[in-house]
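First the structure, in the form of structure tokens, and then the observations on it.
The values are calculated or read from the model by the stated rules, or taken from the named source; none is laboratory data. For clarity, every value in this text was computed on a predicted model and none was experimentally measured. In this analysis, Cβ positions are derived from the backbone assuming ideal geometry, glycine residues included, and neighbour counts consider all displayed protein chains.
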Amino acid sequence: MDRCVVLVDAGYLLGAAASLLAGEPARSRITVDHAALIQGLRERAEADTQQPLLRIYWFDGAPDRVPQPEHRRLRVMPRVTVRLGALTRSDGRWAQKGVDAAMHAELTELARNRACSDIVLVTGDGDLLPGLMSAKEHGVAVHLWAVQAADGDYNQSEDLVAEADERRVLDRVWITRAVRAKEYGGICAPPPAPRPEIAAILSAPLPESALAAQAEAQARVEAQARAARAPGANGTPAPARNGSAEAPAAATGRTVPTPKDLAGLRGPGTQPAQHPGHAPHPPATSATLRWSSDKGWVERPGSGPALGEPPETASLPTLAQLTSAEQRWADREEDITTVGGDPFEVGQVFARRWMERLPEPVHTQKLSTMYPRIPHRIDGELLRYAARFGLLAHKDDQIDEHDRYAIRAGFWREIDVRAAAEHATVAD
């Protein structure tokens, strides 16, 4: 058929773009406007081949083949199909597994079935040479695209270049229409400004227990410093244990509050951050920290029935309790087709569904008095929901704390917006 297909090796395209713009192939050094990139690929392919586009195949790696937020954004775009291989870590480096094999299989299958007349390959891997030659034997014209190399040399297999019917280089001007380096200077765009919602959560005061622990640690350091400065038996200053004349003072900057900190006890002199539009918070004196496990709720030191669980926390229903089977199916459909997976967006979607299904608006008022702390049961459910989008599947199986704050910030922003709308409706 007289149509063109584009096969993109995302590791090559974005890695080469990072080398060109940021000086190293790490994709974390660039920001990508995927909508603009896909549109640019489509327009260039149709112009070069003089054929309408059938489809763009996007081949990439992901941990455990779980789609990451960028993959979720891509796969809901028109004429885009995402194919994922595994992303594995070896000797401190990440490597794609199965991506080349998937590209080779798609390339030969398209040619064998005469699904198109022209195939555009955006790759540099010589392992695709047999597939390229097979496509040519089936009468398909193969166009090989390269990304301009940072050092001016080839960043593609020479055999692949020699065998292609047509070759084009995507230069710096074309790349920078959709890709930017994160540093300042030159063509690089400045990093996006931090969201004030996340900053508000990060600036929430620490509970008294955490502040006391910091003060105790600081007192110990100062005591060691005074002992180090005290004269020794011969009248000379006693050396510090580390061999220096004086023990260094510890950094006194405030640490970022964790969910455990926010759930801890607050003393009479420590008040929660005031949330815009909410009434002043009464001092919390009996907050209970509880953790979930396979066996249900588990009490930890400093919590328990003696202190009592706040009734407003216990009375708040979870989203699962509010969701019917039909709504659960519709939610899953929305997650797959429209939710991109940005952490802030994920928090907003969860909060929207929760508020829409609440039987009584009084629950929203109770939740608002707890800002910035989300009740443990709802917070755990929120993070488990976020895990569906790959947000918690990070490099060393560690949860990215910034993503957690962004998820919670999106949750609170949606609560604010909807609570204000409900208040305005009641006032009218």
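Taking the stated definitions as given, is Leu132 farther than 19 Å from Arg55 by Cα, of a type in the set (A, V, I, L, M), without any contact (Cβ under 8 Å) to a residue 40 or more places away in the chain and surrounded by 15 or more Cβ atoms within 10 Å (Cβ to Cβ)?
On the way: farther than 19 Å from Arg55 by Cα: no; of a type in the set (A, V, I, L, M): yes; without any contact (Cβ under 8 Å) to a residue 40 or more places away in the chain: yes; surrounded by 15 or more Cβ atoms within 10 Å (Cβ to Cβ): yes.
When the stated conditions are applied, Leu132 does not pass them.
List pairs: first residue in segment 336-349 and in contact (Cβ under 8 Å) with a residue 24 or more places away in the chain and on the phi > 0 side of the Ramachandran plot, second residue assigned to a loop (DSSP other than H, G, I, E, B) and buried (at least 19 other Cβ atoms within 10 Å of the Cβ) anywhere in the structure, Cβ distance under 9 angstrom, at least six positions apart or on different chains.
Gly341/Pro67; Gly341/Gln68; Gly341/Phe389; Gly341/Gly390; Gly341/Leu391
Only one residue in Ala102, Ala150 is within 16 Å of Trp58 (Cα to Cα), in contact (Cβ under 8 Å) with a residue 40 or more places away in the chain and out of contact with any Asp or Glu (no Cβ under 7 Å at 6 or more places or on another chain). Which one? Steps first, answer last, please.
Values: Ala150 fails: within 16 Å of Trp58 (Cα to Cα).
Step by step, each of Ala102, Ala150 is checked, and only Ala102 is within 16 Å of Trp58 (Cα to Cα), in contact (Cβ under 8 Å) with a residue 40 or more places away in the chain and out of contact with any Asp or Glu (no Cβ under 7 Å at 6 or more places or on another chain).
Out of the residues in segment 370-380 that are surrounded by 17 or more Cβ atoms within 10 Å (Cβ to Cβ) and out of contact with any Phe, Trp or Tyr (no Cβ under 8 Å at 6 or more places or on another chain), which is modelled with the lowest pLDDT? So that I can check it myself, show each step before the final result.
Restricting attention to segment 370-380, the residues satisfying the condition of being surrounded by 17 or more Cβ atoms within 10 Å (Cβ to Cβ) are 370-379.
Within this subset, residues satisfying the condition of being out of contact with any Phe, Trp or Tyr (no Cβ under 8 Å at 6 or more places or on another chain) are 370, 373, 375, 377, 379.
Working: Met370: 78, Arg373: 81, Pro375: 84, Arg377: 84, Asp379: 87.
Checked segment 370-380; the qualifying residue modelled with the lowest pLDDT is Met370.
Output the qualifying pairs, or none if there are none: Cβ atoms under 6 angstrom, residues six or more apart or on different chains, first residue in segment 319-335 and on the phi < 0 side of the Ramachandran plot, second residue surrounded by 10 or more Cβ atoms within 10 Å (Cβ to Cβ) and assigned to a loop (DSSP other than H, G, I, E, B).
Leu322/Arg357
Among the strands (runs of 3 or more DSSP E) lying completely within segment 1-112, list those that include at least 3 residues that are buried (at least 20 other Cβ atoms within 10 Å of the Cβ). I'd like the intermediate steps shown before the answer.
Values: elements: 4-9, 30-32, 53-62, 80-90, 93-97.
Qualifying strands (runs of 3 or more DSSP E): 4-9, 53-62, 80-90.
Return only the number of the condition from (1) closer than 28 Å to Arg75 by Cα; (2) more than 12 Å from the chain's Cα centre (by Cα); (3) modelled with pLDDT of 85 or more that Asp397 does not satisfy.
Here Asp397 meets the rest and fails (3).
Kindly indicate whether Pro305 is more than 24 Å from the chain's Cα centre (by Cα), at pLDDT 85 or above and not assigned by TED's automatic domain parsing to the domain that holds Leu84. Break it down stepwise before answering.
Values: more than 24 Å from the chain's Cα centre (by Cα): yes; at pLDDT 85 or above: no; not assigned by TED's automatic domain parsing to the domain that holds Leu84: yes.
It is false that Pro305 is more than 24 Å from the chain's Cα centre (by Cα), at pLDDT 85 or above and not assigned by TED's automatic domain parsing to the domain that holds Leu84.
Hey, Val76 hits all of (1) under 22 Å from Gly341 (Cβ atoms); (2) in contact (Cβ under 8 Å) with a residue 40 or more places away in the chain; (3) touching a strand residue (DSSP E or B) at 6+ places or on another chain (Cβ under 9 Å) but one; which does it fall short on?
(3)
Results for (1) surrounded by fewer than 19 Cβ atoms within 10 Å (Cβ to Cβ); (2) more than 20 Å from Val66 (Cα to Cα); (3) at pLDDT 85 or above, shown as yes or no for each residue.
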residue	(1), (2), (3)
Val346	no, no, yes
His363	yes, yes, no
Phe411	no, yes, yes
Ile415	no, yes, yes
Ala424	yes, yes, no
